Every structure is written in C-alpha cells, then in structure tokens.
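Here's the structure, in structure tokens; my notes come after.
The values are calculated or read from the model by the stated rules, or taken from the named source; none is laboratory data. Quantities reported herein were computed from a predicted structural model and do not represent experimental measurements. So basically every Cβ, Gly included, is an ideal-geometry build from the backbone, and we count neighbours across all protein chains shown.
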Amino acid sequence: MKRFLPWLIGGLLLISLSACSITEVTPIPSEAPITSTLPNITPSQAPSPTVLVTEVVTLPIIANNTQYLQLSQRAAVSNIQDIVWSQDSSTLTLITQNADSGSNQVFSVSILDAQDLSTRAVFSSVGNRISAVASDGHTAAVIDKDMRAFSIVDAASGGTTLGSKVTDFLINNITFSPDLRYIAVTKQESWEVVLYDFNSLQEVRVLTGFETAAPVFDARFDHSPQWIAWLARGTLQLQEVETGRLSGIFSHEDFVTAYAIAPQGTILASCAARMVGGEMLPAITLWDTTTSMALQMLVMNESVYNVQFSPDEKLLVAAVGSDLQLWDPTSGMLLNTLSGHSDIILQLAISPDQHTIATSGLDNQLFLWQIIE
C-alpha cells in the first residue's frame, strides 16, 4: 500500500480543495497554540479514483486587457487581516484573527497554493498577535501578549522560531521592508520606529521626527523599501529609511481609510473623503512623493478600504465598497469594475508576476481574479 500513499494524498487534497468548493482554509484552535503542516492521511483499503487537474494558463493583467478579468478561484476563510504573495507568485499567505471556544484570540498564518488554494502549511498562536508576513511569503512577526517582545518565525515549517527580541518599550506594530533588509517596530508610547536587521535582529537605527496631536498613529513599510509611512487620522507623511529625511505633509479633510506607495517610491495613493462640488465624497488622491503635490484625484461612489499599485505601476487597484475597481493612475480613467463579493472588500493583493489579484472582505470569502488564456 505504501506505493499508493503519495498518489492518494494528492487525490484527496485536490478533491477537498478544488477551486469549485468552498472550504475553510484557516482552522481555529480550541486549546493550546497550534503549529502544524498538512496532516498525515491513512490510506483506505482501496485507492480513490484519480482526479485530473488541468493547469490554468493566465495572462498578465495590464491596462488594455482588464475587461477580460474574471473570478477564477474562491474559498471561504474567516476574518482575513492581510494577504501576502510570495515573491515567485506560487503561494499566497493569509493572516487571520478568530476566537476559540474559550474566547481566546487566535491568530493564524495559512500558506496556500496559488493554483488550487490548497493549504501548504498553517501556523497559529493563541494570544500572541501575528503582525505581519514578509514578502518571502512565510516569515512572520509575532508580538507577545505583554507587547514588550517579539519573535520571528517560519510559518512554512510550522512556526520554527528564527529569532526573538525583548524590548524596553510597548510595541505598537511590526512590518517588514519589501527587500527583506529591515524589520520596523513601532513604539506605542512615542513617535519612534526602531529598525532591526532582518537576519540578525540587531538594531540598525531609530526613525523620529513625525509629529501629530492625534492620540492614534501608526508607521509601517508599504510596497516601497525606500519609505516608512506615518499615519495619524487625516495626516500622512513619508520618511526615507536610509537618511531619515521626512517628506512634506499629505493633509486630508477626513480620516485616511487606506494608502499605498508605488513600488519605485515616487507616487503615494491615499483614500479619504474630501469636498467635491460642495459635497463630501470618497476619493483617492495621487501624490508626487518628492514635491508632495497632488497629481490626480479620483472620485469614488463608496468608501475605499484598500488600494494598491500593480508591480509595473501602470494600474491602480481599489477596493470600493464590495467592488474591485481598476484605474489608470496616469490618465485617471476607470478601466473596469468587478463585482462578486457580497460585502465590503477589506483586503487585496496583486501577485508579483501581475497575473492574479486576491481579494477578501466582510463576506469571509477569498477571491482570485485572473485573465484566463
């Protein structure tokens, strides 16, 4: 029977996690913290029928073919906090937050195969917050319950600890630089970001200088390794990681609901309501990061809770209510609107090869959008 085991496991996984089914990707632990990979499956007396899967060929998503985008995969996943693609676009990683039977907060990282959304690995932690996953798709930052220490773990191996650090301050948030050089740790009680070396966890420098009267603020890496973005209510400001130089202030008339920095670091997109024709309307403003001058204003029909530039920077993808919209950031032209989610979209991520857009929201559905050749 041993020779049937790999074949049988593949058949069972493909049956249970095919693109047509709605599966719960992230398990919710009920007791102690769980670190796990795919479970072992005991073979039955007779092998199951072979399931043949034809590999789908997709095209890169560019400005002149967005009308061919379609929903290609979907799965049910509860309370997604973030979606991160691996650098080779072969996997996408989900951070989720749920509660177990004892009402404990359970944070999980699920690494999914991009072809069929089958689960490659799962790492979960009870109480300790999983703050971010790096651009390699498997290195995760975990903040301890007391918020004075953090660990870096490999979610692909079930949560192997790669390093840990005890701080002398309360941790607000952690993000990774896209080029995997730095780990940015935001302090909770002062306007400071401590940069640690990604591999050694040695402190490199502290970024300061941002000032605000707002009691709530954050600072994080986005898709550009050049900048840290500071956010406080209606104020955004960028700070160069290597020099500490602060950009001009990007002011808004209302709370900023989302923002994104283009990969090359030259354009900032921010989402906030603003006065248009005597009426407060949701809008996306595109800014020149060098001059802090507005380049474009895109008026929306609903609030925007996530926005991203494509890797080639020629598309701006926005989660507008329950719709996904694709814009030309240069001309300000709306290229396509995709519907399918039954509630507000909160998360979106574009694969590095620009072949797939992943979205999720309050309907607890994960969608993959592609152009099928």
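For region 108-121, the condition holds for no residue, the condition being that it is modelled with pLDDT of 95 or more and closer than 25 Å to Gln226 by Cβ. Here Thr212 qualifies as at pLDDT below 95, of a type in the set (Ser, Thr, Tyr) and within 29 Å of Arg233 (Cβ to Cβ). Here is a check on your reading of the model: is Leu71 among the aliphatic types (A, V, I, L, M) and surrounded by fewer than 21 Cβ atoms within 10 Å (Cβ to Cβ)? When the stated conditions are applied, Leu71 passes them. Being part of a strand (DSSP E or B), closer than 25 Å to Trp85 by Cα, touching a strand residue (DSSP E or B) at 6+ places or on another chain (Cβ under 7 Å) and modelled with pLDDT of 95 or more is a property that Ile174 has.
Beta carbons closer than 6 Å, at least 6 apart along the sequence or on distinct chains, pair a first residue in region 166-184 that is more than 13 Å from Ser131 (Cα to Cα) with a second that is part of a strand (DSSP E or B) for Val166/Ala149; Phe169/Lys187; Ser177/Phe221; Tyr182/Leu195. Does Asn65 meet the test of being farther than 24 Å from Asn306 by Cβ and either more than 18 Å from the chain's Cα centre (by Cα) or modelled with pLDDT under 95 (or both)? In short, no. In region 290-330, of all residues being among the polar types (S, T, N, Q) and part of a strand (DSSP E or B), the one that is nearest to Leu69 (Cα to Cα) corresponds to Gln325. So, in region 242-258, of the ones that are over 19 Å from His223 (Cα atoms) and touching a residue at least 24 places away in the same chain (Cβ under 8 Å), which residue ends up surrounded by the most Cβ atoms within 10 Å (Cβ to Cβ)? Once the filter is applied, the top-ranked residue is His252.
The sole residue among Ser303, Ser292 that is hydroxyl-bearing (Ser, Thr, Tyr), closer than 25 Å to Ala229 by Cα and under 20 Å from the mean Cα position of the chain (by Cα) is Ser303. Being hydrophobic (A, V, I, L, M, F, W, C) and surrounded by 19 or more Cβ atoms within 10 Å (Cβ to Cβ) is a description that applies to Val194. Note on region 203-241: residues that are among the hydroxyl-bearing types (Ser, Thr, Tyr), over 17 Å from Gln308 (Cα atoms) and either touching a residue at least 60 places away in the same chain (Cβ under 8 Å) or in contact with a strand residue (DSSP E or B) (Cβ under 7 Å, 6 or more places away or on another chain) (or both) total 2. Within region 55-99, being farther than 15 Å from Arg120 by Cβ and assigned to a loop (DSSP other than H, G, I, E, B) holds for Glu55, Val56, Val57, Pro60, Ile61, Ile62, Leu69, Ser78, Asn79, Gln87.
Here Gln347 clears all of (1) in a strand (DSSP E or B); (2) under 24 Å from Asn64 (Cβ atoms) except the condition numbered (2).
With respect to Gln70, is the statement that it is in contact with a Leu (Cβ under 9 Å, 6 or more places away or on another chain), farther than 13 Å from Gln354 by Cα and either without any contact (Cβ under 8 Å) to a residue 24 or more places away in the chain or not acidic (Asp, Glu) (or both) true? When the stated conditions are applied, Gln70 passes them. Within region 324-337, can one find any residue that is out of contact with any helix residue (DSSP H, G or I) (no Cβ under 6 Å at 6 or more places or on another chain), buried (at least 17 other Cβ atoms within 10 Å of the Cβ) and small (Gly, Ala, Ser)? So far as region 324-337 goes, no, none of its residues is out of contact with any helix residue (DSSP H, G or I) (no Cβ under 6 Å at 6 or more places or on another chain), buried (at least 17 other Cβ atoms within 10 Å of the Cβ) and small (Gly, Ala, Ser). Taking each residue of region 87-108 that is within 26 Å of Val56 (Cβ to Cβ) and looking for partners that are aliphatic (A, V, I, L, M) and part of a loop (DSSP other than H, G, I, E, B) with beta-carbon atoms closer than 6 Å, six or more apart or interchain, yields Ser90/Ala114; Thr91/Ala114; Leu92/Ala114. Evaluated against (1) crowded, with 16+ Cβ neighbours inside 10 Å; (2) under 14 Å from Phe176 (Cβ atoms); (3) of a type in the set (S, T, N, Q), Asn199 falls short on exactly one condition, (1).
Of all residue pairs spaced 6 or more apart or on separate chains, those with beta-carbon atoms under 8 Å, a first member in region 118-132 that is assigned to a loop (DSSP other than H, G, I, E, B) and a second member that is of a type in the set (Phe, Trp, Tyr) and surrounded by 21 or more Cβ atoms within 10 Å (Cβ to Cβ) are Asn128/Phe107.
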